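The values are calculated or read from the model by the stated rules, or taken from the named source; none is laboratory data. As the structure is a computational prediction, the values presented were derived from the model and not from experiment. Counting neighbours? That spans all protein chains shown, and the Cβs are built from the backbone with ideal geometry, glycine included. Side chains are part of the model used for accessible areas, which takes the heavy atoms of the whole protein and leaves out ligands, DNA and RNA. Shrake-Rupley method; radii C 1.70, N 1.55, O 1.52, S 1.80 Å.
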Amino acid sequence: MNKVISVVITIIILVFALAFVLMPKSDFSENENRTLQEFPRLKAEDVLSGEYMEDITSYISDHFPLRSGFVTLKTLFEKNVLGSRLINGIYICDDMYIEDYEKPENTDRIIATFNKFGKNLGGKDFDLMLVPTAIEIYSDRLPRFASPLSQLETMDEIYSSVDCNNIDLYEALVFEKKKGRRLFYSLDHHWTTEGAYVGYVTYCRAKGFEPLPESAFDIKTVTEDFKGTIYSKLNDITLKGEEIKVYDQNTDLTVLYDGEESNSLYNYEYLDKKDKYSLFLNNIHSLVEITNNNTESTRTLAIAKDSYANSMIPFLVNHYKKIYVFDTRSYKGAVSDFVKENNVDDVLILYNMNTIDTDTGVNVIY
Amino acid sequence: MLFSSLEFIFLFLPIVCIPYFLIKNIKIRNGILILASLFFYSFGEPKAVVLMVMSIVLNYGLAVLMEKHTSAKKLFLTASILVNIGLLFWYKYTGLFVSSINTVFGLNIDVPVIHLPIGISFFTFQAMSYIIDVYRGDTPVQKKLSHLMLYISFFPQLIAGPIVKYHDIEKQIYERRVDIAKYSAGCKRFLTGLFKKVLIANNAGILWEGISGGDISTLSLGGAWLGAIAYSLQIYFDFSGYSDMAIGLGRIFGFEFLENFNYPYISRSIREFWRRWHISLSTWFKEYLYIPLGGSRKGNIRTYFNLITVFLCTGIWHGASWNFVIWGLWHGFFSILERLGLGKLLDKCRILNHIYTLTVVVIGFVIFAITDFSALREYLSVMLLNSNHMLINDSLIFSLRCNALMLIVAAVFSAPLYTLIRNKFKDNAVYALGEAVLFILLFVLSIAYLVSSAYNPFLYFRF
């Protein structure tokens, strides 16, 4: 029987080796949202530094035959055979999937950055909204005995150490959750449009605006097949996609995406792609300038943020003449200079607690 | 390039095996293995490969000189040992040496950053085995540089052992059987090692990292022990799995290496543990250090001195950090205590001596694992009843729940239970078929783990 084992294994190895050599290679993995390693060019310096061999190693694993199937196999094995309830950083709960919260390392630096931002504004107030994520809000849904770190401690530390107006969403999110609402996607790390609506209402209360009721919007389900980043991490093909809702309304807008003009806050072309959340505010732009042509308000707002803001901004347009949305990683100037030069009325910083620690945009916010 | 990597299994191995099995001439076969080994080493160490080749040529030359000038034999031996130890010292211990001098004398010398070439601790020890064997007349001098090159650089044992002794392997270099039976046995052994490494060691490692890298203030006593046990399982399955892969690969190409592990965790004393753990290293030290020092034949005091010397060297061999020294001395301390009478005392109770041995070994591996002294002290204090920490907590139960099956399998395979079952049923056709199916399924699962480890969803829209 030893011979049977060795012959079968040898055949498996040879078939995969051959398939690897012969199969066409793709350059991009939609599931992982990244460019795959190209076959490296032979350069003496890269060989000597070992970089060439590292690239070869990545090339092989990036283009390995049936790669995505193997990831699925591992997840299904861990979930069903080992009975694990934490796979690749995702808690497997009874009716949802929740991303784990990792120990924050950069809290002090983030506080210092926000304070520096405040100082650069020259005494002008700004609002800070930190969004606790599913692991905090739906902690009662976690598998039994799971005891992840709390985001609230870090959140409170930032709130109490930064000189600004805090907009704390925790109570409001928990209150709405108790009504049975789905505030976060199960297969993606973002909040749902309903979650973003809670953020909007809380923001309005803090600013003294009258928030629009949900009945003022035309709520549409634009897809039922959203498989976001949590899905990607598990690659469990037995999971069904979920819906994305858009709270639509008839407002005459002029939106400049890095200077390119449009009249919509949504780019529905993303519905045909895997990365469907990017339909909100047309994904990433260093500066988005939104003008509301219907409103009588003359207020202006500048937002430095992560992708959580993208689904909340469509609500905010009702209360401002102009909103400037910055991606601080790619925006060349300083947001604080922009605020001073353009006499912007309100300034909002919005980040979610799960990724603020590793967000590279926070470092360059001033 | 690790054995447990896609590039090794699916590209390197077929490219080496196909010509090797097509050509029957042993000289050409040896040539293929040397080329493959040099390529294998340069894939991870594109610069240090020159160092390794130079070291082999030098040891070869010194042994030839030793043979020609028998009157100056000792001089050439000393020269060779100085070169080998010198290389090892320079590349592995200079940093530790300078920083320790700085601490002791309050100096501020710049600590040099020297890249440690992979496998240097293994190939320098093999070179010394050769030169000492020749000096002692245990084996004739090797006239062919290529043969010595193959002995020292042979890729299965090059970067993580076992440390093959020259006198054990010499004849196989020019005379060995290569056939389908050995190929099959080798494959199976390689697979066993692959499963141990990929399915058990890596997952035990994740558990240990999760516990030791987490917040120590919320760690429970049970959690600390679970972490220590997970690390002990990780290091055993990692290292013995790697040895299995090396032995299997050797067999595929016709070589028979000696065993490197023999179920160390069933030992009933620390002395027995060292007869079962990393056997090729402990026998190396025994043959080339302990016995030349006089072994146990020169009275008690001298024996204890020799033992401590060997354990000190064993400790520091594992890495350039003081915790490895402490780990070596920790084992030395208990093995002397056993000689002084603790052994006899414990032999009266079979269960107690297992508990004693495992406790010493597991605490030892915590010392081995944590290089930072204050972190080590903190971790050990949680293990040894610190009243500020709970006995058990939710996080311990959750870890157990997610890792139960892995831990049970690891515990079962730490004991020779499976070997017993296999020996009993090896002629049973149903058992053999079941085993074959299991091996193939586990192979596919191991590939799934290897592929997944390089699967990184990159969340670029977390802007």
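Using only the Cα atoms of region B:182-452, what are the Rg and Dmax in Å?
Cα only, region B:182-452: 20.1, 58 Å (Rg, Dmax).
Give me a comma-separated list of calculated 3J(HN,Hα) values for region A:323-332, in order, Karplus coefficients 6.51, -1.76, 1.60 applied at θ = phi - 60°, integers in Hz, x for any Gly or Pro.
10, 10, 10, 10, 9, 5, 6, 9, 5, 6
Which of the three applies to region A:178-265, rounded, prolate or oblate, going by the alpha-carbon gyration tensor with a ≥ b ≥ c and a/c under 1.5 meaning rounded?
Values: a/c = 2.09, a/b = 1.39, b/c = 1.50.
The shape class here is oblate.
At a Cα cut-off below 24 Å, give the lysines reachable from B:Lys73, other chains included and same-chain residues fewer than 8 away excluded.
Those lysines meeting the cut-off are B:Lys143, B:Lys144, B:Lys165, B:Lys171, B:Lys286.
Which of rounded, prolate or oblate describes region B:150-205 when judged by the alpha-carbon gyration tensor and an a/c cut-off of 1.5? Could you put the intermediate results ahead of the total?
Details: a/c = 3.51, a/b = 1.53, b/c = 2.30.
Since a/c reaches 1.5 but b/c is at least a/b, the shape of region B:150-205 is classed as oblate.
Assign unit charges at the C-beta atoms only (+1 for Lys and Arg, -1 for Asp and Glu), then state the dipole size of chain A relative to its Cα centre in Debye, rounded to the nearest 20. Numbers along the way, then the final one.
Numbers: 38 positive and 57 negative charges, 150 e Å.
So the magnitude is around 720 debye.
Counting other Cβ atoms within 10 Å, keep those with at most 11, restrict to DSSP loop, and tell me which trypsin sites (Lys or Arg not before Pro) in region A:158-260 are left.
Values: sites: A:Lys177, A:Lys178, A:Lys179, A:Arg181, A:Arg182, A:Arg205, A:Lys207, A:Lys220, A:Lys227, A:Lys233, A:Lys240, A:Lys245; in loops: A:Lys179, A:Arg181, A:Arg182, A:Lys227, A:Lys240.
Here the trypsin sites (Lys or Arg not before Pro) that fit, given the DSSP loop and packing criteria, are A:Lys179, A:Lys240.
What percent do you get for the relative contact order of chain B when only Cα pairs under 8 Å and 6+ apart count?
15 percent.
Given springs between every Cα pair under 10 Å in a Gaussian network model of chain A, which of A:Asn166, A:Asn263, A:Asn354 has the largest fluctuation?
With Cα springs under 10 Å in chain A, the top fluctuation among A:Asn166, A:Asn263, A:Asn354 is at A:Asn263.
So how long is each side of region B:33-149 along the principal axes, counting just the alpha-carbon atoms, biggest first, in Å?
In descending order, the Cα extents are 50, 37, 17 Å.
Determine the residues within region A:274-302 where the difference in accessible area between the chain on its own and the full set of protein chains amounts to at least 20 Å²; count protein heavy atoms only and use a 1.4 Å probe.
Output list: A:Asp275, A:Asn283, A:Ile284.
So what J values fall out for region B:132-145 if you push phi through Karplus, 6.51 cos²θ - 1.76 cosθ + 1.60 with θ = phi - 60°, rounded to Hz, Gly and Pro as x?
Along region B:132-145, the couplings run 6, 4, 5, 4, 6, x, 5, 9, x, 5, 8, 7, 9, 4 Hz.
Solvent-accessible area per residue for region B:182-452 at a 1.4 Å probe radius, Å²?
Spelled out: the 1.4 Å probe surface of region B:182-452, per residue, equals 44 Å².
Below 13 angstrom from the Cβ of B:Val451, what's the summed charge of the other residues (Lys, Arg +1; Asp, Glu -1)? Don't jump to the answer; show the numbers that get you there.
On the way: positive: A:Arg67, A:Lys74; negative: A:Glu32, A:Asp62, B:Glu7.
Combined, the nearby Lys, Arg, Asp and Glu give -1.
Starting from one equal scatterer on each C-alpha and no solvent at all, send me the Debye-based log10 I(q)/I(0) for region A:2-65 at q = 0.14, 0.29 Å⁻¹, two decimals.
-0.57, -1.14
Sort largest first and round to whole Å: the equivalent ellipsoid semi-axes of the protein assembly as shown, each the square root of five times a Cα gyration tensor eigenvalue. Kindly include the intermediate steps, with their values, before the conclusion.
On the way: eigenvalues 670, 184, 153 Å².
For the protein assembly as shown, the semi-axes come out at 58, 30, 28 Å.
State the Cα centre-to-centre distance between region B:220-244 and region A:101-165 in whole Å.
36
Could you please state how large a percent of the accessible area of region A:91-364 is carbon and sulfur, counting protein chains only and using a 1.4 Å probe?
On the way: 4850 of 11290 Å².
On region A:91-364, the fraction of accessible area on carbon and sulfur atoms equals 43 percent.
Rolling a 1.4 angstrom probe over the protein heavy atoms, how many square angstrom per residue are accessible across region A:2-65? Could you put the intermediate results ahead of the total?
Details: 3690 Å² over 64 residues.
With the other protein chains kept in place, region A:2-65 gives 58 Å² per residue.
To make sure I understand the rule: partners must be aspartates and glutamates, Cα under 17 Å from the Cα of A:Lys43, and not fewer than 8 residues away in the same chain. Which ones qualify?
A:Glu51, A:Glu54, A:Asp55, B:Glu45
Using a 1.4 Å probe and counting only protein heavy atoms, how much accessible surface gets buried when A and B come together, both sides summed, in Å² to the nearest 100? Spell out each step's value before the answer.
Numbers: alone 18900 and 23480 Å², together 36760 Å².
Accessible area lost upon association: around 5600 Å².
Quick one: what are the phi-derived ³J(HN,Hα) couplings along region A:337-345, Karplus 6.51/-1.76/1.60 with θ = phi - 60°, whole Hz, x for glycine and proline?
Calculated HN-Hα couplings, in order: 4, 4, 4, 5, 5, 9, 6, 5, 6 Hz.
Scan region A:114-148 for trypsin sites (Lys or Arg not before Pro) in coil per DSSP, keeping those whose Cβ has at most 12 other Cβ atoms within 10 Å, and list them by number. It would help to have the intermediate numbers written out before the result.
Working: sites: A:Lys116, A:Lys119, A:Lys124, A:Arg141, A:Arg144; in loops: A:Lys124, A:Arg144.
Taking region A:114-148 and a limit of 12 other Cβ atoms within 10 Å, the loop trypsin sites (Lys or Arg not before Pro) found are A:Arg144.
Heavy-atom accessible area per residue, region A:280-366, 1.4 Å probe: how many Å²? Please report the intermediate quantities before stating the final value.
Numbers: 2750 Å² over 87 residues.
It amounts to 32 Å² per residue over region A:280-366.
Counting only C-alpha contacts under 8 Å and six or more residues apart, can you give the relative contact order of chain A as a whole percent?
Details: 573 pairs, mean separation 61.0, N = 366.
Averaging sequence separation for qualifying contacts and normalising by length gives 17 percent for chain A.
Would you mind checking which residues have amide H under 5 Å from A:Ala302's amide H? H placed 1.01 Å from N; only 5 or more apart, or other chain.
A:Tyr324, A:Asp346, A:Val347, A:Leu348
Taking the Cβ of B:Ile132 as the center, what net charge do the other residues with Cβ under 10 Å away carry, scoring Lys and Arg +1 and Asp and Glu -1?
Details: positive: B:Arg136, B:Lys165; negative: B:Asp133, B:Asp138, B:Glu287.
Value of the local net charge: -1.
Taking amide H positions as placed 1.01 Å from N in the peptide plane, with prolines and chain starts having none, which residues 5 or more places from A:Phe184, or on another chain, fall under 5 Å of its amide H?
A:Thr192
Could you work out which residue, out of A:Ala17, A:Ala206, A:Ala302, moves most in a Gaussian network model of chain A, that is, has the largest mean-square fluctuation with Cα springs under 10 Å?
Answer for the Gaussian network model of chain A: A:Ala17.
Sort region A:37-190 into rounded, prolate or oblate with this rule: let a ≥ b ≥ c be the square roots of the eigenvalues of the Cα gyration tensor; rounded if a/c is under 1.5, and if a/c is not under 1.5, prolate when a/b is larger than b/c, oblate otherwise. Please report the intermediate quantities before stating the final value.
On the way: a/c = 3.03, a/b = 1.30, b/c = 2.34.
The shape class here is oblate.
Taking trypsin sites (Lys or Arg not before Pro) that fall in a DSSP loop and have at most 13 other Cβ atoms within 10 Å as cut points, what is the longest piece of chain B between them?
Values: sites that count: B:Lys24, B:Lys47, B:Lys143, B:Lys144, B:Arg177, B:Arg297, B:Lys298, B:Lys348, B:Lys426.
Answer - B:178-296.
Taking the full set of protein chains and a 1.4 angstrom probe, give the accessible area of B:Ile23 in square angstrom, rounded to the nearest 10.
60
Which residues' amide hydrogens lie under 5 Å from the amide hydrogen of A:Leu36, considering only partners 5 or more residues apart or on another chain, with H built in the peptide plane?
A:Phe28, A:Ser29
Within the accessible area of region B:6-176, what % is carbon and sulfur when the probe is 1.4 Å and the other protein chains stay in place?
Values: 5430 of 7750 Å².
The computed percentage sits at 70.
How much mean residue ellipticity at 222 nm does chain B get from its helices, if each DSSP H run of length 4 or more adds -39500 (n - 2.57) and you divide by all residues, to the nearest 500 deg cm²/dmol?
On the way: 22 runs with 315 residues, N = 463.
Calculated at 222 nm, the ellipticity per residue is -22000 deg cm²/dmol.
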